[in-house]
Amino acid sequence: MSAAHYTYDVAWSEEERTFIARVKEFPALEARADSRGAALRALKSVVYAVAKEMVDSGSESPEPQPPDNQ
């Protein structure tokens, strides 16, 4: 499963003064960065590693979910 198939959201946190990226299928994972793109790239890298580890260990990675606005 490619990390690109999951549902991502990146939002600015005024409180933390940084962009925070989250992925719907892995709610415990998030990444912070100074730009929207950097936060998203960092999170996709982590999601790929986690999903690969799950598959390598015999677990199933989460199925992609539709965005909340559909």
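With a 1.4 Å probe and all protein chains left in place, how much accessible area per residue does the chain have, in Å²?
68
What is the sum of charges, Lys and Arg at +1 and Asp and Glu at -1, for the other residues whose Cβ falls under 15 Å from the Cβ of A28? Working shown, then result.
Working: positive: R22, K24, R32; negative: D9, E25, E30, E53.
With Lys, Arg at +1 and Asp, Glu at -1, the neighbours total -1.
Assign unit charges at the C-beta atoms only (+1 for Lys and Arg, -1 for Asp and Glu), then state the dipole size of the chain relative to its Cα centre in Debye, rounded to the nearest 20.
Numbers: 8 positive and 12 negative charges, 53 e Å.
So the magnitude is around 260 debye.
Nearest 10 degrees, 0 to 90: what angle lies between the long axis of helix 36-56 and the longest principal axis of the chain (Cα atoms)?
Between the helix axis and the principal axis of the chain, the angle is about 20 degrees.
Give me the extension gain from E60 to A4: residue separation times 0.36 nm, minus the current Cα-Cα distance, reported in nm with one decimal. If you can, show how the numbers build up before the last one.
Working: separation 56, 0.36 × 56 = 20.16 nm, distance 1.66 nm.
The span from E60 to A4 would gain 18.5 nm if fully extended.
Please work out the FRET efficiency for the pair W12 and A49, using the Cβ-Cβ distance as r and a Förster radius of 22 Å; give the result to the nearest 0.05. Don't skip to the answer; put the middle values down first.
Values: r = 25 Å, r/R0 = 1.16.
Approximately 0.30, to the nearest 0.05.
Work out which GluC sites (Glu not before Pro) in the chain are exposed loop sites (DSSP not H, G, I, E or B, at most 14 other Cβ within 10 Å) and give the longest gap free of them. Provide the component values of the computation, followed by the final result.
Numbers: sites that count: E14, E15, E16, E60.
It works out to 17-59.
The values are calculated or read from the model by the stated rules, or taken from the named source; none is laboratory data. Bear in mind that the values here come from a model prediction, so they are computed numbers and not experimental data. Reconstructed Cβ throughout: ideal geometry from the backbone, glycine too, with neighbour counts over all protein chains shown. Side chains included, ligands, DNA and RNA excluded: accessible areas come from the protein's heavy atoms. Shrake-Rupley method; radii C 1.70, N 1.55, O 1.52, S 1.80 Å.
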